[in-house]
Amino acid sequence: MTRGELYRVYKPGNDPKQFRTYVVVSRQVLIDSKFPTVICAPVFSNGDSLSTQVAIGPDEGMKHESWVMCDNLVSIRKVDLTAFVGSLSSIKIRQLEKALKMALSLS
C-alpha cells in the first residue's frame, strides 16, 4: 500500500453507500508501520471545484469523473483496504498535497 492509492471499501463507517472509494493520504512511514489504520480521503461523484477537492477519473481507475474530498478525512483500518482501484499520478499527488494543506490550513 502506498500514498495516493485508491481502494473501494465495503460499508465504511456511517456512510449511507454500500461501497465508497478512498485515497490513502497518510505518510508512507505510517503506512509501512504496524499501526493498524491509515488516514484516507473519500471520493464522491460530485464536487464543487473547491481548493480542498481534487478531480479524478478513469485515468486513476474510476469509472467516471469524481472528486477526492480532503475536508472529510477519516481513519480506516488497513485490513479494510483490499479492493484496489487505481493510483494517483504524480501530478494528482501534488494536487492532493495542495488540497490537504488548504483543508488543514497549513502553509
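Some points to look at:
- Of the residues making up region 63-72, those that are surrounded by 17 or more Cβ atoms within 10 Å (Cβ to Cβ) and not β-branched (Val, Ile, Thr) are 66, 67, 69, 70.
- Hits in region 23-44 (condition: in contact with a helix residue (DSSP H, G or I) (Cβ under 8 Å, 6 or more places away or on another chain), surrounded by 13 or more Cβ atoms within 10 Å (Cβ to Cβ) and part of a loop (DSSP other than H, G, I, E, B)): 25
Okay, residues lined up against (1) closer than 13 Å to residue 87 by Cα; (2) among the β-branched types (Val, Ile, Thr); (3) assigned to a loop (DSSP other than H, G, I, E, B); (4) touching a residue at least 12 places away in the same chain (Cβ under 8 Å):
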{"residue": "2", "(1), (2), (3), (4)": "yes, yes, yes, yes"}
{"residue": "16", "(1), (2), (3), (4)": "no, no, yes, no"}
{"residue": "21", "(1), (2), (3), (4)": "yes, yes, no, yes"}
{"residue": "46", "(1), (2), (3), (4)": "no, no, yes, yes"}
{"residue": "49", "(1), (2), (3), (4)": "no, no, yes, no"}
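- Unmet criterion (only one of (1) in contact with a Lys or Arg (Cβ under 6 Å, 6 or more places away or on another chain); (2) on the phi > 0 side of the Ramachandran plot) for residue 83: (2)
Taken together, the values in this text are just the output of simple stated rules run on the coordinates, not laboratory data. Because the structure is a prediction, the values reported are computed rather than measured. Glycine gets a Cβ as well: all are built from the backbone with ideal geometry, and neighbour counts include every protein chain shown.
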